[in-house]
Amino acid sequence: MTLTFTAHADWLEKGKGTVTYPSGRVDNINFDFEYKTVFDEHYFRAGQSQIHVDEVPPNYILNMIINDAGNIYVAEFSNGFLHGFDFHLGKHRVWVRKLPEDERDGEIMGDFLVKIDDKDYLFNTTHPTVIFEFDENGVADISGSGYIKDLDLHGGEE
């Protein structure tokens, strides 16, 4: 009889960034992902939430909601609506910001510019997501849904 074990190393991905409220106030955010083994039990943590798992989960989906006023809500980052956030996780970056008044055309959902690593997007739904994909070493990639490619120049970085 041969036993095969899938080895998973413990890992911690520290996420840091800022959120910007409609008032202009900026707050820091810390949102880490962790996979750890305690005795023979495996746990996955996203922010303050931790669950028992059998293996590294394939992904974590960060849901966003755009309200009628054109602000976004991200439960993991804030208790209120936002004008954007800038989140760094290892070598990855997710950056969402409301376009300045003079760059809005009313055809872009919520008038937000989204940057995931080196790709620029615009929302095309009121419920976009950011998908953090994991492997045995931590965050492998970041993607999302509810976007269209930004083919225009909307000011780039802050």
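Peptides 93-100, 129-136, 35-42 ranked from most to least packed give 93-100, 129-136, 35-42, packing being the mean of other C-beta atoms within 10 angstrom over each peptide's residues.
List the lysines whose alpha-carbon lies under 28 Å from that of LYS115, not counting same-chain residues fewer than 8 positions away? In chain and number order, the partners are LYS14, LYS16, LYS91, LYS98, LYS149. Length gained on full extension, LEU12 to GLU136: 43.5 nm, using 0.36 nm per residue less the C-alpha separation. Expressed as a whole percent, the accessible area of the range 27-149 that falls on carbon and sulfur atoms is 45 (1.4 Å probe). With a 1.4 Å probe rolled over the protein heavy atoms of all chains, the accessible area of SER145, SER78 falls in the order SER145, SER78, largest first. Distance between the modelled labels on GLU34 and THR125, one decimal in nanometres: 3.2 nm (7 Å Cα→Cβ projection).
Annotation: extensible slack from ASN67 through ARG45 equals 5.1 nm (criterion: 0.36 nm per residue apart, minus Cα-Cα distance). Multiplying the residue separation of VAL26 and SER78 by 0.36 nm and removing their Cα-Cα distance gives an extension gain of 17.6 nm.
The values are calculated or read from the model by the stated rules, or taken from the named source; none is laboratory data. Just so you know, these numbers come straight off a predicted model, no measurement behind them. Here Cβ is always computed from backbone atoms with ideal geometry, including for glycine, and neighbour counts include all displayed protein chains. Just the protein is used for accessible areas: all its heavy atoms, side chains included, with ligands, DNA and RNA removed. Shrake-Rupley method; radii C 1.70, N 1.55, O 1.52, S 1.80 Å.
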